[in-house]
1. For Glu126, all conditions in the list (1) surrounded by 18 or more Cβ atoms within 10 Å (Cβ to Cβ); (2) within 13 Å of the chain's Cα centre (by Cα); (3) at pLDDT 90 or above hold save one; what is the number of the exception?
2. Residue check: is Glu277 surrounded by fewer than 16 Cβ atoms within 10 Å (Cβ to Cβ), among the acidic types (Asp, Glu), farther than 22 Å from Ala129 by Cβ and without any contact (Cβ under 8 Å) to a residue 60 or more places away in the chain?
3. In contact with a Lys or Arg (Cβ under 6 Å, 6 or more places away or on another chain) and at positive phi - does that describe any residue in the range 138-157?
4. If Thr24 satisfies all but one of (1) assigned to a helix (DSSP H, G or I); (2) more than 25 Å from Arg125 (Cα to Cα), what's the number of the condition it fails?
5. Restricting to the range 101-111, name every residue that is closer than 14 Å to Met287 by Cβ and in a helix (DSSP H, G or I).
6. What do you reckon, is Glu76 in contact (Cβ under 8 Å) with a residue 24 or more places away in the chain, in contact with a Gly (Cβ under 8 Å, 6 or more places away or on another chain) and not basic (Lys, Arg)?
7. Please specify each residue of the range 241-294 satisfying the condition of being assigned to a helix (DSSP H, G or I) and in the same structural domain as Gln222 (by TED's automatic domain parsing).
8. Just to check your reading of the model, which residue among Phe180, Phe190, Phe156, Phe145 is buried (at least 20 other Cβ atoms within 10 Å of the Cβ), of a type outside the set (Gly, Ala, Ser) and within 24 Å of Gly263 (Cβ to Cβ)?
Amino acid sequence: MDIQGYKILLDLSKSQNLTRTAETFGYSQPGISHVIKNMEKEFGFLLINREKYGVTLTREALELMPGVRELVYSNEKLEETVYAIKGLEYGKVTLATYSSIASHLLPKLLTEFKNNHPNITVDIREGGAKDIFEWLDSNSVEFAFVSKPYDRKIDFHSFGKDPLVAVLPKGYVLDGEEEFRIENFEGKPFILSADGNDFDVHHALESSGVRPVYNYSVLDDQTILSMVENRLGLSILSELICLKSTYKVDILPLEPEFYRDLGIAIKKNNKLSPAAEKFVRFANEKMPEIFLNA
């Protein structure tokens, strides 16, 4: 089986769209369909379900995906090593991160990295904490920009501490108050990041023994800011998430202080590709300053 077929199948698992995958690989849509049909013929079972709004992988194809990811990833590392031996730079980096890091910190880092390493491409996946660590575990990404986890062993390179802040409707506290005690959330209507999306806020509340009334649980941080603006409840977010926010809310430091420790997470004992090693070294050097000046 040609490695290109496996790359196409892997891309389809993410795009769920034949046209989009065809554009990625420079094929026509019938060309992609032909590749998949040949693979199905060789394997002896269907790989994709064609649906009204795209495609999904069959149960059999999903069982293949861990091996497909490993094969494609190993092939990419081999190609990068060959180029490195020749003294040439080439490769692809696949990383995961939170939307707040992707929007406020990564653009600056990526611009500087691209200027120094123009032949290395970067594929970014955004998600919540649970999603990101699942991607790391399955080798869907090589490393991640995340907050340090509380309950797992992982190689972690910190670049800065991001304070958690109270997010309150305008005028909720008296003028002149400069901080918000976490126990003041007790029994109050609260808008929480969905389970698995943010471990740090959950940890702050649980470790403090504070029990708000969880009226809403949502995935998107910007939705939380909008709901607080509309006086649907109180919340806790990180300072980075609230950076340059245009929502009409009051943002106060928490008392006592809580932080999320931001850094680069790499699966324990995982061997990075040459391109990923370059990116991680570059990020370790540049991110502390980029974070400080955000």
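The values are calculated or read from the model by the stated rules, or taken from the named source; none is laboratory data. On a predicted model such as this, the values are computed, not experimentally measured, just so you know. Reconstructed Cβ throughout: ideal geometry from the backbone, glycine too, with neighbour counts over all protein chains shown.
1. Glu126 satisfies every listed condition except (1).
2. So Glu277 does not fit the description; no.
3. There is at least one residue in the range 138-157 that is in contact with a Lys or Arg (Cβ under 6 Å, 6 or more places away or on another chain) and at positive phi.
4. Among (1) assigned to a helix (DSSP H, G or I); (2) more than 25 Å from Arg125 (Cα to Cα), the lone unmet condition for Thr24 is (2).
5. Result: Ile101, Ala102, His104, Leu106, Pro107, Lys108, Leu109, Leu110, Thr111.
6. Answer is yes for this residue.
7. Ile241, Cys242
8. Phe145
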